[in-house]
Amino acid sequence: MAGKSFFIDTTRCTGCRGCQAACKQWNQNPGTKTSQRGTYQNPPDLSTATFKLVRFSETTDTRGEPKWHFFPDQCRHCLYPLCKEAADRKAKGAILHDARTRAVLFDPAVKVSPEDFKEIREICPFDIPRYDEKTGGMAKCTMCFDRVSEGMIPSCVKTCPTGTMNFGDREAILKMAQNRLDEVKKVHRRASLILPEAVRVIFLLKDYPEKYHEFAAEKNGSGITRMTALNLLLHPAT
Ligand code: SF4
Ligand code: SF4
């Protein structure tokens, strides 16, 4: 299958946030002023200036010891992007699907109304798109399209020191993800890959998705897996 994909092996993530900083630096996004909220996660959420966010889910284990589930969140570059389906109806040209990499790209020059943006954000199974009310533009991860088009890997992948972030041709990434899952499952029986058949950013989690983040797996009822299967049947080259 054509196109690129990421494999994010969260079992290796240390929460160092190098990927988050590299993303900001490459995209020349400004820092976000925040305050202490009693968590190490910072900033609190994705925004038009934060395309990549390491979420810190803080719990305790059975012995009462602190436990973290790190989740380096970003757009999943869905094979069948529901955001684009909504944008094509509401703001034609605001969301593009690159033919070679299959990156899902937002064009900030195409203005969308707050009402139309609400619909686009709500349909995203992973709650990714963000909106600048001042400019009327949307923003999210670009798959470092400018780097990848020149044969480089995304800045978050280049920076990650632990092997959590991986990127490459889709078939190779799918194999890498499956091999690592087989290995991790020997120790963590709840380990799973999140919707590898429907997304280009494939997360490996060693525990239930809800322990990481509300939208680590698809929102209830988004039907992305069903719609992807249908789309692939109709358009096998997607
Ligand atoms: S994760 Fe959301 S914003 Fe990203 S391609 Fe999929 S539907 Fe669109
Ligand atoms: S750079 Fe790698 S190890 Fe550090 S937070 Fe990001 S994904 Fe995790």
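What follows draws every value from the coordinates through simple rules; no lab data is involved. Since the structure is predicted, the reported quantities are computational estimates derived from the model, not experimental observations. Counting neighbours? That spans all protein chains shown, and the Cβs are built from the backbone with ideal geometry, glycine included.
Odds and ends about this structure:
- Check on LEU181, of a type in the set (A, V, I, L, M, F, W, C) and part of a helix (DSSP H, G or I): yes
- Members of the stretch 85-106 that are farther than 21 Å from ARG147 by Cβ and surrounded by 20 or more Cβ atoms within 10 Å (Cβ to Cβ): ALA86, ALA87, ALA91, ALA94
- The set of residues in the stretch 27-60 that are among the aromatic types (Phe, Trp, Tyr), touching a residue at least 40 places away in the same chain (Cβ under 8 Å) and either surrounded by fewer than 20 Cβ atoms within 10 Å (Cβ to Cβ) or under 26 Å from ASN179 (Cα atoms) (or both) contains only PHE56.
- Tally of residues being part of a loop (DSSP other than H, G, I, E, B) and within 18 Å of ARG89 (Cα to Cα) across the stretch 126-137: 2
- Single residue of the stretch 138-165 satisfying the filter (in a helix (DSSP H, G or I), within 22 Å of ARG12 (Cα to Cα) and not hydrophobic (A, V, I, L, M, F, W, C)) that is nearest to the chain's Cα centre (by Cα): SER155
- Residues that are outside any strand (DSSP E or B) and of a type outside the set (Lys, Arg) were ranked within the stretch 166-178; the one that is surrounded by the fewest Cβ atoms within 10 Å (Cβ to Cβ) is GLU171.
- Qualifying positions in the stretch 40-78 - of a type in the set (Lys, Arg) and assigned to a loop (DSSP other than H, G, I, E, B): LYS52, ARG63, ARG76
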